[in-house]
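Okay, so here's the structure we're looking at.
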Amino acid sequence: MATTPDSLEEVTLASLSTENLYRELLSRVGEDPTRDGLIDTPKRMAKSMAFLTRGYTMDASEVLHNALFDVDYDEMVIVKDIEFFSMCEHHLLPFFGKAHVAYVPNGKVIGLSKIPRLVDMFARRLQVQERLTRQIADAIDEAIDPQGVAIILEAQHLCMMMRGVEKQHSSTTTSAMLGVFKSQLQTRNEFLSLVRRVG
Ligand SMILES: [Zn+2]
């Protein structure tokens, strides 16, 4: 029976363990994967990659389970300076920074500790900063149907800092504004001034 080179390669790659793929990768960059310092590296890389992309195994309804509460409160809820670490989908290099999350409730709130978990769930996937920003906003919007949601992400991208342009201090800001944060200038400005306040 004839086997085409293409299908042969497919079967071979898919049947390799993640560890073996990383071992091959180490050879390709010119290293000797059998030397002492590298012997366990493929195992560590596989484990690390699984951790850094664990967001794929989670969804918002699971994260927010039992953490949505009925309230009689319609002032802005704001959670500032949420540290996040993600990986850019173009280079698989980290980007990281702070997320600021706000919403104006419409009868329901989210348990405060769940907001950072929600950010983390989307950050632990291959991302672009714009989509990450939008996904956090949409998830909150869907979960509690608030009067509005606002998200700001400030991040540094190692793919910009370590390679190519090497802009060491550049940071990228993205935002998503829904509902009253989009339609009411006063609400949006209140959020922006709260985010910019030091401490
Ligand atoms: Zn990149």
Item checked: Length gained when the stretch L92-M162 is fully extended (0.36 nm per residue, less Cα-Cα span) -> 24.0 nm
Next item on the list: Using only alpha carbon positions, build the gyration tensor of the range 72-199, then give the equivalent ellipsoid semi-axes as the square roots of 5 times its eigenvalues, largest first, whole angstrom.
Entry: 27, 15, 12
Next item on the list: Specify the angular offset, from 0 to 90 degrees and rounded to the nearest 10, of the alpha carbon long axis of helix 129-144 from the longest principal axis of the alpha carbons in the chain.
Entry: 50
Note to self: Per residue, how much accessible surface does the chain expose to a 1.4 Å probe? Answer in Å², no decimals.
What the structure shows: 61
Notebook entry, point to check: Which value, in Å to one decimal place, does the Kirkwood hydrodynamic radius take for the range 1-123 when every pair of different Cα atoms is included?
Noted result: 18.4
Check: If you place +1 on the Cβ of every Lys and Arg, -1 on the Cβ of every Asp and Glu, and leave all else neutral, what size is the dipole of the range 51-133 about its Cα centre, to the nearest 20 Debye?
Finding: 340
Check: Using unit Cβ charges (K, R positive; D, E negative) and no other charged atoms, how large, in debye to the nearest 20, is the dipole of the chain about its Cα centre?
Finding: 540
Notebook entry, point to check: For the range 129-199 and the range 24-62, what is the separation of their C-alpha centers, rounded to whole Å?
Noted result: 30
Check: Against the longest alpha carbon principal axis of the chain, how many degrees, from 0 to 90 and to the nearest 10, is the axis of helix 41-52 turned?
Finding: 20
Margin query: Explain nothing, just the number: relative contact order of the chain, from Cα pairs under 8 Å at least 6 residues apart, as a whole percent.
Written below: 18
Notebook entry, point to check: Long-range amide H contacts for A67: which residues qualify at under 5 Å (H placed 1.01 Å from N, peptide plane, sequence gap of 5 or more or a different chain)?
Noted result: none
Checklist line | Crossing angle, helix 185-196 versus the chain [Cα axis fit, 0-90 degrees, rounded to tens] | finding: 60
Notebook entry, point to check: Which length gain, in nm to one decimal place, applies between S17 and T172 when the Cα-Cα distance is subtracted from 0.36 nm times their residue separation?
Noted result: 52.2 nm
Note to self: Let me make sure I get this right: for the range 46-88, a, b and c are the square roots of the gyration tensor eigenvalues over alpha carbons, sorted descending. Under 1.5 in a/c it's rounded, otherwise prolate if a/b > b/c, else oblate. Which is it?
What the structure shows: oblate
Notebook entry, point to check: If you average the sequence gap of Cα pairs under 8 Å that are 6 or more apart and divide by the length of the range 101-199, what percent do you get for the contact order?
Noted result: 29
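The values are calculated or read from the model by the stated rules, or taken from the named source; none is laboratory data. In this text, all values refer to a predicted model and were calculated from it rather than measured experimentally. Positions of Cβ are generated from backbone atoms using ideal geometry, with glycine treated the same way; all protein chains shown enter the neighbour counts. Accessible surface areas use protein heavy atoms only, side chains included; no ligands, DNA or RNA. Shrake-Rupley method; radii C 1.70, N 1.55, O 1.52, S 1.80 Å.
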